[in-house]
1. Where residues in segment 395-411 are crowded, with 16+ Cβ neighbours inside 10 Å and farther than 22 Å from residue 254 by Cα, which of them is farthest from the chain's Cα centre (by Cα)?
2. Go through segment 253-281 and give me each residue that's within 20 Å of residue 328 (Cβ to Cβ) and surrounded by fewer than 14 Cβ atoms within 10 Å (Cβ to Cβ).
3. Among what's in segment 177-206 and is over 20 Å from the mean Cα position of the chain (by Cα) and in contact (Cβ under 8 Å) with a residue 40 or more places away in the chain, pick the residue that is surrounded by the most Cβ atoms within 10 Å (Cβ to Cβ).
4. Taking segment 303-333 as the search range and keeping residues that are within 19 Å of residue 257 (Cβ to Cβ) and surrounded by 15 or more Cβ atoms within 10 Å (Cβ to Cβ), which one is farthest from the chain's Cα centre (by Cα)?
5. (1) among the aliphatic types (A, V, I, L, M); (2) buried (at least 16 other Cβ atoms within 10 Å of the Cβ); (3) under 24 Å from the mean Cα position of the chain (by Cα); (4) within 16 Å of the ligand (Cβ to nearest atom): which one isn't true of residue 239, the others all being true?
6. Would you tally the residues in segment 200-213 being away from the ligand (no atom under 16 Å from the Cβ) and either under 25 Å from residue 384 (Cβ atoms) or out of contact with any Gly (no Cβ under 9 Å at 6 or more places or on another chain) (or both)?
7. Can you spot a residue in segment 334-349 that is over 27 Å from the mean Cα position of the chain (by Cα), modelled with pLDDT of 95 or more and surrounded by 13 or more Cβ atoms within 10 Å (Cβ to Cβ)?
8. Would segment 219-226 turn up any residue that is within 16 Å of the ligand (Cβ to nearest atom) and either in a loop (DSSP other than H, G, I, E, B) or over 24 Å from residue 386 (Cα atoms) (or both)?
Amino acid sequence: VKACFLTLGCKVNQTESEALAQLAVQEGHQVVRENEDPDIVIINTCSVTAAGGSKSRKLIRRIIRKHPESLVAVMGCYSQISPGQITELSGVDLIMGTQDRRFFLDYLKNVNKKESKQKGPVSMVRDFDEDICFEELPLIENESRARAMLKIQDGCSQFCSYCIVPYTRGPSRSRESEKVLTEAEKLLRAGYREIVLTGIHIGAYGRDLPEGPDLAGLISKLLKVEGMSRLRLGSIEPMEFTEELLEVITSSEAICPHFHIPLQSGSNTILAKMKRPYTSEDYARLLRKIREDLPEAAIAADIMTGFPGEGEEEHQETLEFINECDFAGVHAFPYSRRPGTPAAQMPDQIAESVKSRRVHEIIEAGKKYSRNYARRFIGTSMEVLLETIEREGTCRGHTANFLELAIPASLNPGDWQPGQIINCLIQEEYFVF
Ligand code: SF4
């Protein structure tokens, strides 16, 4: 069967599509591009914002129209939460959610295109019941052997008042540490130079494992795996940097000094309404602690603006807080009203035009600091993991603290390869801002 995977949304979705594609290849199927006449197109959807849902619907409609002969399968967060809406887009043949997708391979094996098209959609969306376990997907390999994603956890039990994820992904489940370690060993043996720990809420790792370990324990074990020299952590919630985690992070050179710590708002009133269990003072204290040991660490934050009830005063508090934090990166998003979440029912919803203006102001405030941060490294020699080499020779890659660089072809001796780590004397013009 020729299968084409199209993916919207976050890193976890990308990791899962790639893993499912690899399972299909292991079973003798072929993974093709959209223009290579696929027998089945699998669309991995997103619903974290209203825009994610509408993009997903658009893509599904386009595929149904463009490929009337192909089977169309839909998976991911949007289909988990709104399978009915997908059935209404007549032309979808298989609906899967965010879990338990092992049957997909049997489906591929036994599928008869004509019959399935006549029968109408098969729905395989499962509710999150008590025995819901972690979905094991195979290790993901790609040709460049630079950076590998290692999924350690799925779901979230936090229920921040704006977030749909606990409903689309279910409760937090951790992957057993032995399985994580085996996969890490395989990835390093396959030649990957950097491993990124991913998940929906990785700071909650281990809470559901009776024997542990927690995230700090898992990282300590991973650091002992032979060849582990570059381990990057996915986003971790501020309150989940325990003393143990800080100790592991700051005492190993193999941990990339790059931390993504969602802030969401600089106003304590809004943080409380969001049900985020920390204050801006807690957040600032954490940054100080990290920087005591790792003064050069890159710290990036997500900020959501336009939450119900956020007035100009609260918005200014966020802008001022950005000025205190010296972030290496700020990712700003407008609040998106998700039906079914508590915040969707709150009064004082903010107009879209106000949200856009605030997002813009936050991005501008953050930019100044991210550029200043990057400039600190001009004239120093840093290791760069090469990810792509363009045809004319320019090499693109990241440093351990996640500065993105485009190194001119003139420095390339001609034999640089993706997946190689080189030493580079940093110049301002190499930065990709
Ligand atoms: S921690 Fe909050 S924002 Fe993050 S996935 Fe869980 S509920 Fe959503």
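The values are calculated or read from the model by the stated rules, or taken from the named source; none is laboratory data. Fair warning: this is a prediction, and the values are worked out from it, not measured in the lab. Here Cβ is always computed from backbone atoms with ideal geometry, including for glycine, and neighbour counts include all displayed protein chains.
1. So the first thing to find is which residues in segment 395-411 are crowded, with 16+ Cβ neighbours inside 10 Å, and the list is 395-403, 405, 407.
Then keep just the ones that are farther than 22 Å from residue 254 by Cα; that gives 395, 407.
Numbers: 395: 24, 407: 26 Å.
It comes out as 407.
2. Passing the criteria: only 253.
3. Of everything passing the filter in segment 177-206, 177 is surrounded by the most Cβ atoms within 10 Å (Cβ to Cβ).
4. Result: 325.
5. Single failed check for residue 239: (2).
6. 3
7. Checked against the condition, which is being over 27 Å from the mean Cα position of the chain (by Cα), modelled with pLDDT of 95 or more and surrounded by 13 or more Cβ atoms within 10 Å (Cβ to Cβ), segment 334-349 yields at least one hit.
8. No, that holds for no residue.
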